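One structure is given here, and the rest of the page talks about it.
Please treat every number below as a calculation from the coordinates, not as lab data. Since this is a predicted model, take the numbers as computed values, not measurements. Every residue, glycine as well, gets a Cβ built from its backbone with ideal geometry; the counts of neighbours run over all protein chains shown.
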Amino acid sequence: MSAYPVLFLKTDTAEWAPVGEEELFTVVEGKDSTAAVVVCDREGNSKAITAWVSPSEAREVGQTLAAKGMSKFEGEVRLPT
């Protein structure tokens, strides 16, 4: 599965500030019955996103990341618009 870099700077500040070093994941729902896995920092700033896939495939990837020790992000993730 492909993943793409998303943000390198925080979007909620007027100053130039890099996203955090933490690596958490979450699954986000998309349009037309799709989902993607997002890697983000502890504030929800997205760092990378997978291609849009079926929700079951995205959940499977999330389970794999959790099994490898990556923590799940439970808040609202910030995606670029």
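So if each residue of separation counts as 0.36 nm, and I subtract the Cα-Cα distance between GLU74 and TRP52, what length gain in nm does that give?
In short, 5.9 nm is gained.
Ranking SER56, VAL38, VAL28 by Cα position along the charge dipole of the chain, where only Lys, Arg, Asp and Glu carry charges on their C-beta atoms, puts SER56 farthest toward the positive end.
State to the nearest 20 debye the size of the charge dipole of the chain about its Cα centre, where the only charges are +1 on K and R beta carbons and -1 on D and E beta carbons.
Details: 8 positive and 13 negative charges, 33 e Å.
Magnitude of the dipole: close to 160 debye.
Ordered from longest to shortest, the equivalent ellipsoid semi-axes for the chain are 21, 14, 10 Å, each the square root of 5 times a Cα gyration tensor eigenvalue.
Given the Cα-Cα distance of THR64 and GLU29 and 0.36 nm per residue of separation, how much length would full extension add, in nm?
Numbers: separation 35, 0.36 × 35 = 12.60 nm, distance 1.80 nm.
Working it through step by step, the gained length comes to 10.8 nm.
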